[in-house]
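What follows is a short report on a single structure.
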Amino acid sequence: MDYYFCKTLSDTTFETAIEKITNALKEEGFGVLTEIDLKATFKKKLNVDFPYYRILGACNPEFAHKALLAENKIGTMLPCNVIVRETEKGDIEVAAVDPIASMTGVGNFDLATIAEEVRGKLKKAVEGL
């Protein structure tokens with residue numbers, strides 16, 4: 001089982017891809033709570049050049065609430081991470097965690113049902129780009 005799903009965009013800029021996935025996530029009820037710019041962080045902290053790579057922490061409050069009611073420690077796996085990165089060929093790849101894969105080990109049926117719904121929404125956002 002893959003732990004993510006992704007889509008490669010060949011005719012867009014990195015910043016445009018960030019905007020597109022942010023809007024697509026919003027359409028599915030997600031907000032972006034965190035944004036980690038690895039390119040800038042690695043340059044500042046390690047003086048290493050790295051391709052564009054940003055991690056977006058996406059959260060759908062309704063599903064986060066349901067998940068926490070079903071499993072109070074599931075916050076260790078929230079928010080759902082979505083990455084936007086520049087590939088070696090210069091394309092932009094957008095990938096999202098598959099919540100089913102990340103939560104399989106928990107063994108909570110109620111949580112599995114929620115993860116399935118969240119997966120559908122994340123997959124729709126990514127594949128719709």
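Taking 0.36 nm per residue of separation and subtracting the Cα-Cα distance, full extension of the segment from residue 100 to residue 62 would add 12.0 nm. Using a cutoff of 8 angstrom between alpha carbon atoms and counting only pairs six or more residues apart, the relative contact order for the stretch 4-127 works out to 33 percent. Using θ = phi - 60° in the Karplus curve 6.51 cos²θ - 1.76 cosθ + 1.60, the 3J(HN,Hα) couplings for the stretch 104-109 round to 4, x, 6, x, 10, 4 Hz; x is entered for Gly and Pro.
For the chain, a simple Cβ point-charge model (Lys and Arg +1, Asp and Glu -1, everything else neutral) yields a dipole of about 320 debye relative to the Cα centre. Springs between Cα atoms under 10 Å define the GNM used for the chain, and in it the highest mean-square fluctuation of 31, 105, 57 occurs at 105. The phi-based Karplus calculation (6.51 cos²θ - 1.76 cosθ + 1.60; θ = phi - 60°) puts the 3J(HN,Hα) values of the stretch 47-61 at 6, 10, 7, 9, x, 4, 7, 10, 9, 9, x, 9, 9, 9, x Hz, whole numbers, x for Gly and Pro. Each of residue 42 and residue 123 was given a label point 7 Å from its Cα along the Cα-to-Cβ line. The distance between the two points is 3.0 nm.
For the stretch 80-111 versus the stretch 49-76, the inter-centroid distance based on Cα atoms is 10 Å. For the chain, the tally of Lys pairs with Cα-Cα distances below 12 Å comes to 4, considering only residues 8 or more apart or on different chains.
Couplings 3J(HN,Hα) for the stretch 63-80, derived from phi with the Karplus relation 6.51 cos²θ - 1.76 cosθ + 1.60 (θ = phi - 60°), are 6, 4, 4, 4, 5, 5, 5, 7, 7, 5, 9, 5, x, 5, 10, 10, x, 6 Hz, where x marks Gly and Pro. Computed from the Cβ-Cβ distance with R0 of 30 Å, the FRET efficiency linking residue 50 to residue 11 stands at 0.85. Loop-located chymotrypsin sites (Phe, Trp or Tyr not before Pro) in the stretch 1-47 (DSSP state not H, G, I, E or B) with no more than 14 neighbouring Cβ atoms inside 10 Å: 3.
Taken together, the values in this text are just the output of simple stated rules run on the coordinates, not laboratory data. What you see is a predicted model, and the numbers here were worked out from it, not measured in a lab. Backbone-built Cβ (ideal geometry, glycine too); neighbour counts: all protein chains shown.
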